[in-house]
Each structure stands twice: as structure tokens, then as C-alpha cells.
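J.: Before we start, here is the structure in question, set down as C-alpha cells.
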Amino acid sequence: MKVDGACHCGTIRYEAEVEAEKVAVCHCTDCQTMSGSAFRVVVRTLPGSFRLLAGRPKVYVKTAESGRQREQAFCADCGTPVYAAPVGPEPRDLVLRVGTLRQRDVLMPTLQLWARSSQGWIADLANIPAQDTQQVFAEDGRIRP
């Protein structure tokens, strides 16, 4: 499937081919920390299909529990995580952050990784009250009634 995406501020724009049936939710503690959330949703690109259309991501190299190093690419302007990739020459298969993709509504996860690190409350997410928009905050930071 052909996809395209961008960081939050639009500085980085890209396109790629992905295997839409191989979208994963990663619960590892690195993804929790680096996404600022309880998990991250990812999809792998076909090797050599990723193409930057605008901008150039900043890259941070992290060492995984396995000892392998992976590039973590993000927008230096807005901080949006864009992809991870093995350190090395092209062509590489990148792992895109699904939240940056315009087609994210059709990329349904089919696998969860690092389940041992998942937050216990995730199983009850559907039972937590939901609102259609964000709460309104007053100038002092309190939630308006």
C-alpha cells in the first residue's frame, strides 16, 4: 500500500510503500518513553520505498535491550517521531510511526509486541469514559465546568 505522511509542523513530508496487514502496537518501555504514551503504533516499509519529499529528520541512535542499534528519526522543529531504522546503508526497511501517516485510519494493528511491558489499564480502555473533543481550560489552567 502506498502511504504518505508528515510531522506535526509539516517540515518533514514523505511517502513509502508498506504492508498494511502488518501494523503493530509496540508496548516496549522504549516506545512508551519515546512516544510519551503507553504504546506506539508502527508499520514497516518495503525496503528502498521510503522517499523524503521535504525536510530532513534529526536522528538519535539508541541501543536496544538486544544490543542492536537503531536510528530514531524525528522532526527537529516540532519533535514528531517519524521512523526507526537499522543503522546502515540503503536500502533499509524503516518502521514508520503510524500517527504521522495520512492513511492511519485504515492501518489497523494486527499484532502487539512487548506485551509483557504493556500498561495494565490498556485492557479496560473501552470502559473509560470518552469525550469527542478536549476539555476547555481556563487561563489559570483549571478545567472549565
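J.: Set the Förster distance to 41 Å, then compute FRET efficiency between Val106 and Arg144 from the Cβ-Cβ distance, nearest 0.05.
T.: Numbers: r = 35 Å, r/R0 = 0.86.
Here the calculated transfer efficiency is 0.70.
J.: Checking the cross-link filter: which aspartates and glutamates have an alpha carbon closer than 12 Å to that of Lys22, excluding same-chain neighbours under 8 positions apart?
T.: none
J.: Along its principal axes, what span do the Cα atoms of the range 106-145 show, with the longest given first and each in whole Å?
T.: Largest to smallest, the principal-axis extents are 41, 26, 18 Å.
J.: On to the next question. Among Phe39, Gln103, Tyr60, whose Cα projects farthest towards the positive end of the dipole of the chain, with charges put on the beta-carbon of Lys, Arg (+1) and Asp, Glu (-1)?
T.: Going by the charge dipole, the pick is Tyr60.
J.: Going Cα to Cα from Lys2, which aspartates and glutamates come in below 12 Å? Please leave out same-chain ones fewer than 8 positions away.
T.: Filter leaves Glu15, Glu17, Glu19.
J.: Can you say what percent of the DSSP beta bridges in the chain, counting only those with both residues inside, are antiparallel? Round to 5.
T.: Values: 31 of 34 bridges.
Here the antiparallel bridges make up roughly 90 percent for the chain.
J.: Please state the relative contact order of the range 14-62 as a whole percent: Cα pairs under 8 Å, 6+ residues apart?
T.: Details: 56 pairs, mean separation 22.8, N = 49.
Value for the range 14-62: 47 percent.
J.: Compute a Gaussian network model of the chain, connecting alpha carbons closer than 10 Å, and tell me which residue from Thr33, Thr45, Thr80 fluctuates the most.
T.: Comparing Thr33, Thr45, Thr80 in the GNM, the peak value goes to Thr33.
J.: Starting from the 7 Å offset along Cα-to-Cβ, what nm value, one decimal, do you get for the label separation of Ser66 and Ala126?
T.: 3.2
J.: Here's another thing I want to ask about it. Listed highest first by mean packing, meaning other Cβ atoms within 10 Å per residue, what order do 19-25, 6-12, 106-112, 85-91 come in?
T.: 6-12, 19-25, 106-112, 85-91
J.: How many angstrom lie between the Cα centre of the range 46-83 and the Cα centre of the range 118-136?
T.: Going from one Cα centre to the other spans 29 Å.
J.: On to the next question. Can you give the percent of C-alpha pairs in the range 1-75 whose distance is more than 15 Å?
T.: Numbers: 1813 of 2775 pairs.
Here the tail beyond 15 Å accounts for 65 percent of pairs.
J.: For the range 49-145, which semi-axes, largest first and in whole Å, follow from the square roots of 5 times the eigenvalues of its Cα gyration tensor? Show your work: numbers first, answer last.
T.: On the way: eigenvalues 200, 84, 48 Å².
Listed largest to smallest, the semi-axes of the range 49-145 are 32, 20, 15 Å.
Quick note: the coordinates plus some simple rules give every number you see, no bench work behind them. Predicted model, so just to flag it, every value in this text is computed and none were measured. FYI the Cβ positions are ideal-geometry reconstructions off the backbone, even for glycines, and counts take in every protein chain you see.
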